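Working notes, structure below.
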Amino acid sequence: MNRRSFLYTSATLAAFSKISFAQAKPVPTDNVTIVVGFSAGGAGDLAARVAAEHVKITDAYPVGVEFRPGAGGTIATDQIRRAKADGSILSLYSASPLLVAPHLQSLPYDPLRDFTYIATYSNIAIPAFVKTDSPLKDWAGLVRFARDNPGKLRWATAAPRGIAHIATEAAFRKEGVTSAFVPFSGGADAITALLGGHIDMVVASDFAAHLKAGKVRLLVETGPEPVSGYPDIPTFKQLGYPLSIASAYGLFGPAKLPEPVVHYWQDTLRVMTKTDLYKRFLETLGAQALYQEGQAFHDEIIRNFHAIGDQIEALGMRP
């Protein structure tokens, strides 16, 4: 199922579900907007919409999705910091503006203090992949080529200095590899360059449609869990690399959100992960099922924030 089909299907479910308003769970706010710090049409778009559609289906409650792209998601993140803590404005959780950007630039928010982390509900695979006809058949072969030919391996990620970029650079450093990183403004541009033969490898989440079409071959997953349906593809965690962090999507809000708001969304998202709508969402993105809430979510934020900071320091990427 492609992304357009997913959005159509979820909208149809919302329109035709027979919902009793009397039986709907009470929503602790009059209206809710989920802010997305990236452009419409990407993985973040679908991750926000699946939560909004689930609430519409189960509780007959409209939740808006608003896109505020710019500065790698940091503009939208600061909007959440400044929002009233009543649950009317939440944001899609994405790691880069919270775990990476604060190490690289001066920002008006503190990711460990200024937000309420509600829950994560999916893990988006970010594998490294090559063209199907590439002579680089597997990850070990790619590392061998890069080690034997310093600087000749050309590769890219969807977001320069994002988690995938930092994790891959850390892996190359451990392997003694010198490579040529080519910056692009997004994953689509990087994949176009890969398919055109201009670069050798891409590390990005927008791989599923190209994989199904037989255009790319997966080499390794940068996160800790195998790509869904491809258990034989190694992960950075299995290979013992310094950084292997799940690229989770979830919801967070400003600091000191009321407990009824937090509990409502945690209960709602937990139920959502058992639905057909959620299964279709995972299939569309090639994503992995995941649910983590509250204190466990916050503790994971703290661990990953410091781990990423350590690697940025080791790689000499800190300004």
Revision key, fill the gap. With the charge dipole of the chain built from beta-carbon charges (+1 for Lys and Arg, -1 for Asp and Glu) about the Cα centre, the Cα from Leu269, Thr192, Ile301 projecting farthest to the positive end belongs to Thr192
**Study point:** Under the Karplus curve 6.51 cos²θ - 1.76 cosθ + 1.60, θ = phi - 60°, whole-Hz ³J(HN,Hα) for the range 276-281, x wherever Gly or Pro sits
**Key:** 5, 4, 5, 4, 5, 4
**Study point:** Relative contact order for the range 90-189, counting Cα pairs under 8 Å that sit 6 or more residues apart, in percent
**Key:** 26
Review point. Counting Lys and Arg as +1 and Asp and Glu as -1, each charge on the Cβ, what is the dipole of the range 264-319 about the Cα centre in debye, to the nearest 20?
Key: 180
Review point. Plugging the Kirkwood radius over Cα pairs into Stokes-Einstein for the range 25-127, at a temperature of 10 °C and a viscosity of 1.306 mPa s, what D comes out in µm²/s?
Key: 110
Revision key, fill the gap. Proxy exposure order for Met201, Met317, Met272 (fewest C-beta within 10 Å first) is Met317, Met272, Met201
Review point. About the Cα centre of the chain, what is the dipole size in debye to 20, counting +1 per Lys and Arg Cβ and -1 per Asp and Glu Cβ, all else neutral?
Key: 480
Exercise for review: Calculate how steeply helix 294-315 sits against the longest principal axis of the alpha-carbon atoms of the chain, using the helix alpha-carbon long axis, and give the answer as 0 to 90 degrees to the nearest 10.
Suggested key: 30
Check your understanding: Between Asp148 and Ala71, what is the label-to-label distance in nm when each label sits 7 Å out along the Cα-to-Cβ direction?
Key -> 4.7
Point to revise | Length-normalised contact order for the range 158-292 - Cα pairs under 8 Å, 6+ apart - percent | key: 21
Check your understanding: Taking Lys56 as the anchor, which lysines have their alpha carbon closer than 29 Å to its alpha carbon, excluding any fewer than eight residues away along the same chain?
Key -> Lys18, Lys25, Lys84, Lys256, Lys274, Lys279
Exercise for review: Could you run the Karplus curve 6.51 cos²θ - 1.76 cosθ + 1.60 with θ = phi - 60° over the range 197-209 and give me ³J(HN,Hα) per residue in whole Hz, x for Gly and Pro?
Suggested key: x, 8, 9, 9, 8, 10, 10, 7, 8, 8, 10, 4, 5
Revision key, fill the gap. Note on the chain: contact order normalised by length, alpha-carbon pairs under 8 Å, 6 or more apart, percent, works out to 26
**Study point:** Spatially proximal aspartates and glutamates relative to Lys215 (Cα-Cα < 15 Å; intrachain offsets below 8 disregarded)
**Key:** Asp133, Asp200, Asp206
Practice item. Please identify every one of the trypsin sites (Lys or Arg not before Pro) in the range 128-201 that sits in a loop by DSSP and has no more than 12 other beta carbons within 10 Å of its own beta carbon. Key: Lys137, Lys152
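All of the numbers you see were taken from the coordinates with simple rules; none came from a lab. This one's a predicted model, so the numbers in the text were calculated from it and none came from an experiment. Please note: Cβ atoms are built from the backbone with ideal geometry, for glycine as well, and neighbour counts cover all protein chains shown.
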